[in-house]
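Asks: One structure is given below, represented as structure tokens, and several questions about it will come after.
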Amino acid sequence: MRNFSLKYSNVQLYFGEGAFSNAAGFLKAFEKACLVTSRSAAKVSGALSDVAKLLKELGVQYFVYDKVLPNPWASQAEELGHVLWSEGVDSVIAIGGGSVIDVAKVASIIALSGGRVIDYVLGRKYKRMLPLLAINLTHGTGSEVDKYAVLTLDDSREKHGINSRYPDLSIDDPTYTATLNKAQTIYTTLDTFYHSYESATAITANQLVDTLSSEALSTVTSTIPELINDLSNISLRAKALYSSMIAGISIDLSSTHIVHAIEHAVSGLEPKLPHGCGLGVLGPKAAYYIHKSMPEKSARILKPIDPGLKPLSEHAERASKAIQSFQESVGFKERLSDYGFTERDVNRVVEYTLRRLKYMIVDTPFNVTEAVVRDVFLSSL
């Protein structure tokens, strides 16, 4: 896969091996940067050392904030926003997957525009933000190219998607994803799968979304069976990363809906549940209802995993089984019960999905009822 650059909305993105070299022109304009990371991924991937080396060459001061957790809390973004303001930085460099990039997005806003995360969940507008470079380390997030950030409110455990901002510059270098282990590789590619499937079947989808999501799903489903047996293969990593990136644009132009909505409810309640894993657990049963209501689009986009799937509502169960079988074929067999969920949790999941997170289901191609949410959740235990 050849290197390329892409200008999408407010983000300039560079894709391919060695893409980070394109960041020099952006970074040389700054005096002090904060490098936002998780505990280890930035170090293990090699990205952190590459960034530090370049900043030293450019004479840019920097320090590292390495406290970001998976399924990050709103308090982390608020704390980081205060750190950015108090340290007087003039740029933010996010080195990580979706959690790191999302925290950096919101913190870069809070640092100059003030407020708390809940204010932006409720629609507060911002006027100023710090420049942001995103160096993506996974092939599932899409956050390096879209406007969304996902954070969980500490007190209520509500996991919200915030219409926040685009990075100014993003780097998608497949060599930085080569240290993802097998489980992480599966989880992140499942994230791409459901970004593709949901954006194409959302009521907001258009022809460009159909094109991008179909390409993303087709590429990632043909790549992952090989990749899980050859984790160091950079060519396969590049294909998975490309799929993730265009799926990120697809959800930015359209939206996710029922699968992500219920997943936000469950991983907000249990942050130890990886996002892509939650999608994979809930997705097959949710697909039954999606295919039943939108059989033509569902059959078209799922063709790579089941060429015999028909654009008929009567094939809804087959669509569900096709996804389940595909996931099992690449080694994914986890259930919600593996993370401590039981039938006793169903009422809370229903309440979170239909009331606290109801904005996330408005683009679903059918009426999401309590019975539907209950069925998806209980079927995923």
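Every read-out reported here was derived from the displayed coordinates using simple, explicitly stated rules and does not represent laboratory data. A quick note: this is a predicted structure, and the numbers were derived from the prediction, not measured. Note that each Cβ is placed from the backbone with ideal geometry, even for glycine, and that neighbours are counted across all protein chains shown.
Asks: Using only the alpha carbons of the stretch 1-48, what is the convex hull's orientation-averaged projected area in square nanometres? Walk me through the numbers on the way to the answer.
Replies: Working: hull surface 18.6 nm².
Projected over every direction and averaged, the Cα hull of the stretch 1-48 covers 4.7 nm².
Asks: List the residues whose amide H sits under 5 Å from the amide H of Lys147, counting only those 5 or more places along or on another chain, with H placed 1.01 Å from N in the peptide plane.
Replies: Close amide H contacts, sequence-distant or interchain: none at all.
Asks: Turning to a different aspect of this structure: What lysines could a cross-link reach from Lys239, if we take a straight Cα to Cα line under 22 Å and drop same-chain neighbours fewer than 8 places away?
Replies: By straight Cα distance, Lys239 reaches Lys7, Lys182, Lys303.
Asks: Please state the charge dipole magnitude for the stretch 298-377, taken about the Cα centre, from unit charges on C-beta atoms (+1 on K and R, -1 on D and E), reported in debye and rounded to the nearest 20.
Replies: 180 debye
Asks: Something else about it: Please turn the phi angles of the stretch 56-61 into ³J(HN,Hα) values with the Karplus equation 6.51 cos²θ - 1.76 cosθ + 1.60 (θ = phi - 60°), one per residue in order, whole Hz, x for glycine and proline.
Replies: With coefficients 6.51, -1.76 and 1.60, one gets 5, 4, 8, x, 9, 5 Hz.
Asks: Given 4 °C and 1.567 mPa s, how large is the Stokes-Einstein diffusion coefficient of the chain in µm²/s, with Rh as the Kirkwood radius over Cα pairs? Let's see the in-between values first.
Replies: Working: Rh = 20.6 Å.
Taking Rh from Cα pairs, D becomes 63 µm²/s.
Asks: Another one. How far apart, in nanometres, would the label points at Asp119 and Asn10 be if each is projected 7 angstrom from Cα along the Cα-to-Cβ direction?
Replies: Inter-label distance under the simple model: 1.7 nm.
Asks: I need Phe366, Phe332 ordered by Cβ neighbour count within 10 Å, fewest first. Each step should come with its number before you reach the end.
Replies: On the way: Phe366 16, Phe332 20.
Ranked by crowding around the Cβ, least crowded first: Phe366, Phe332.
Asks: Roughly what % of DSSP beta bridges within the chain run antiparallel, to the nearest 5?
Replies: Numbers: 10 of 33 bridges.
Taking every DSSP beta bridge within the chain, about 30 percent pair in antiparallel fashion.
Asks: Using the Cα centre of the chain as the reference point, and only Cβ charges (+1 on K/R, -1 on D/E), how large is the resulting charge dipole? Debye, rounded to the nearest 20.
Replies: Values: 39 positive and 41 negative charges, 56 e Å.
The calculation lands at about 260 debye.
Asks: Here is a follow-up. Taking the Cα atoms only, what angle lies between the long axis of helix 182-201 and the longest principal axis of the chain, rounded to 10 degrees?
Replies: 70 degrees
Asks: Give me the aspartates and glutamates in straight-line cross-link reach of Lys159: C-alpha distance below 17 Å, same-chain residues under 8 apart excluded.
Replies: Glu78, Asp102, Asp119, Asp191, Glu263, Glu270, Asp345, Glu351
Asks: What is the local net charge at Leu227, summed over the other residues whose Cβ is closer than 10 Å to its Cβ (Lys, Arg +1; Asp, Glu -1)? Kindly include the intermediate steps, with their values, before the conclusion.
Replies: Working: positive: Lys182, Arg237, Lys239; negative: Glu226, Asp230.
Net of charged neighbours comes to +1.
Asks: For the pair Arg374 and Glu328, how long in nm is the line joining their label points, each one 7 Å along Cα→Cβ?
Replies: 2.7 nm
Asks: Is the stretch 236-381 best put as rounded, prolate or oblate by its Cα gyration tensor, with a ≥ b ≥ c the root eigenvalues, rounded for a/c under 1.5, and otherwise prolate when a/b is larger than b/c, oblate when not? It would help to have the intermediate numbers written out before the result.
Replies: Details: a/c = 1.39, a/b = 1.26, b/c = 1.11.
It comes out rounded by the Cα gyration axes.
Asks: Test of understanding: ordering Thr201, Thr37, Thr342, Thr221 by Cβ neighbours within 10 Å, fewest first, what list do you get?
Replies: On the way: Thr201 31, Thr37 25, Thr342 10, Thr221 21.
Least to most surrounded, the residues fall as Thr342, Thr221, Thr37, Thr201.
Asks: Which value in deg cm²/dmol, rounded to the nearest 500, describes the helix-derived mean residue ellipticity at 222 nm for the chain, given -39,500 (n - 2.57) per DSSP H run of n ≥ 4 and division by the residue count? Please list the in-between numbers first.
Replies: Values: 15 runs with 185 residues, N = 381.
Computed ellipticity for the chain at 222 nm equals -15000 deg cm²/dmol.
Asks: Here's another thing I want to ask about it. Hey, what angle do you get for helix 74-87 against the long axis of the chain, alpha-carbon based, 0 to 90 degrees rounded to 10?
Replies: Long axis of 74-87 versus the principal axis of the chain: about 10 degrees.
Asks: Which pairs, out of Lys125/Lys272; Lys297/Lys321; Lys28/Lys105; Lys56/Lys147, put more than 26 Å between their alpha-carbon atoms? Write down the numbers at each step before the final one.
Replies: Values: Lys125/Lys272 31 Å; Lys297/Lys321 17 Å; Lys28/Lys105 21 Å; Lys56/Lys147 30 Å.
Beyond 26 Å: Lys125/Lys272; Lys56/Lys147.
Asks: Which is farthest toward the positive dipole end of the chain among Pro307, Pro365, Met245, measuring Cα position about the Cα centre, with Cβ charges +1 (Lys, Arg) and -1 (Asp, Glu)?
Replies: Pro365
Asks: Right, something else. Would you please give the residues with an amide H less than 5 Å from that of Gly97, counting only those at least 5 places away or on a separate chain, with H modeled from the backbone geometry?
Replies: The answer is Leu137.
Asks: By how many degrees, 0 to 90 and rounded to 10, does the Cα axis of helix 275-293 deviate from the longest principal axis of the chain?
Replies: Helix 275-293 and the main axis of the chain meet at about 40 degrees.
Asks: Sticking with this structure for a sec: For the stretch 73-221, compute Rg over Rh where Rg is the Cα radius of gyration and Rh is the Kirkwood radius from the inverse mean 1/r over Cα pairs.
Replies: Working: Rg = 16.0 Å, Rh = 16.2 Å.
Taking Rg over the Kirkwood Rh, I get 0.99.
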